[in-house]
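Every read-out reported here was derived from the displayed coordinates using simple, explicitly stated rules and does not represent laboratory data. Worth saying up front: this structure is predicted, and the values here are computed from it rather than measured. Glycine also receives a Cβ, built like all others from the backbone with ideal geometry; neighbour counts cover every protein chain displayed.
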Amino acid sequence: MPFLSVLHTLKEKVFFMDRVKKYIHTDYAYKMGLSGKNVTVAVMDTGIVAHPDFDSRILCFKDFCNGRSGIYDDNGHGTHVAGIIAGTGKMSEDSRKIRRYSGIAPRADIIMLKVLDEKGNGSTGKVLEAVDWVRREKKHYNIRLLNISVGMLPNAGRAEQQELLEAVDRLWDEGVMVVAAAGNNGPKENSVTIPGISRKILTVGSCDDETYDGKNRSLPAGYSGKGPTECCIVKPEIVAPGTGIHSCSRDGRGYQVKSGTSMAAPVVTGALALAFERFPDFLPGEMKLRLYERAYPRGKQVGRNCWGVIHADHLVR
């Protein structure tokens, strides 16, 4: 039985990537010339396709599900997540040369670790294999960030939960900033999925999880996982737009809309890629502190117990 799954998505009101960028204030970062260049982001998900928006920046694809060598995504979730982080928006360029669907860090490099199958399910063992692979290869590929839009389901045993938490904490200690989605089990408290409950890694929720157009609702209003954890830790620490996000589709020819904390996490991961380009010597703990000091507005001003919404420009100044 699978113990991990993609954090399920839905189709709702579209939140174009240019609006996401305005919401998290990326203008100053882009004026500085930041784009995520020379920053490698590992993504643990369902795979990726050779969408034109990724150019030649997919450095490596590892299939922990089926052992295939060629890149593919039989679900679409991973391609969408990678597009939010690092898509160029090339296929969305209009007559004014505006790329409405470009990702947050459009020159960052991507490594895709396929740990989930075509239904978005997978085993904890495959995820642990992928984490171990990142540990071994982080220096070779200059991996600064690992995006995990995957959550452990409640039926996983305590030992299995602890093993995953220890694995991501160790990776963090060795210099890779781990960004995990909070999960879509809100609005009740203590609903953050594993590994998002880790004391060390950064956990991301959706700041717009009350936003719907009233149609096709498959996630409840207030879906974003909420803390505190059983150990009374504030989680998620940071929030970002996650509802109705337009990003790369798995057919490789266009874009599609998905919602969930799975989409909010890569928004933050992309912003952190800009920040690591600006501050390449920062350790994960230093970047997390900087994020805490520069989030807006703080805590309950956004209606939940967290630091606030990510502010990319504050992060890179």
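Spacing of the modelled spin labels on residue 93 and residue 211, each 7 Å from Cα toward Cβ, amounts to 2.7 nm. About its Cα centre, the chain has a charge dipole of approximately 740 debye under the convention of +1 per Lys or Arg Cβ and -1 per Asp or Glu Cβ, with nothing else charged. Shown here: mean projected area of the Cα convex hull in nm², derived from the displayed model; of the candidates (1) 18.4; (2) 14.5; (3) 15.4, it corresponds to (2). The calculated FRET efficiency for the pair residue 27 and residue 253, based on their C-beta separation and a Förster distance of 25 Å, comes to about 0.25.
Spin-label model, residue 305 to residue 119: label points 7 Å out along the Cα-to-beta-carbon direction sit 3.5 nm apart.
Highest mean packing first, where packing is the average number of other Cβ atoms within 10 Å per residue, the peptides 23-31, 109-117 line up as 109-117, 23-31.
Peptides 230-236, 75-81, 134-140, 50-56, ordered by how many other C-beta atoms sit within 10 Å of their residues on average, highest first, read 75-81, 50-56, 230-236, 134-140.
In the chain, the calculated helix contribution to ellipticity at 222 nm averages -9000 deg cm²/dmol per residue, counting -39,500 (n - 2.57) for every DSSP H run with n ≥ 4. Residue separation of residue 166 and residue 281 scaled by 0.36 nm, minus their Cα-Cα distance, works out to 39.0 nm of gained length.
Which FRET efficiency value, to the nearest 0.05, is calculated for residue 132 and residue 232 with the Förster distance at 35 angstrom and r the Cβ-Cβ distance?
0.70
With the charge dipole of segment 86-184 set up from +1 on Lys and Arg Cβ and -1 on Asp and Glu Cβ about the Cα centre, the Cα lying farthest toward the positive end among the listed residues 143, 128, 106 is that of 106.
Farthest toward the positive end of the dipole of segment 4-316, out of 38, 233, 26, is the Cα of 26, where the dipole comes from beta carbon charges about the Cα centre.
Could you tell me whether segment 170-317 comes out rounded, prolate or oblate from its Cα gyration tensor? Rule is a ≥ b ≥ c as square roots of the eigenvalues, rounded for a/c under 1.5, then prolate if a/b exceeds b/c, otherwise oblate. Oblate shape, in that a/c is at least 1.5 and b/c is the bigger or equal ratio.
With K and R counted +1 and D and E -1, the other residues having a Cβ less than 13 Å from that of residue 166 yield a net charge of -1.
Order the peptides 278-291, 177-190 from the highest to the lowest mean number of other Cβ atoms within 10 Å of their residues. Intermediate results must be reported in sequence, preceding the final value.
Details: 278-291: 15.6, 177-190: 23.6.
Packing order, densest peptide first, comes out as 177-190, 278-291.
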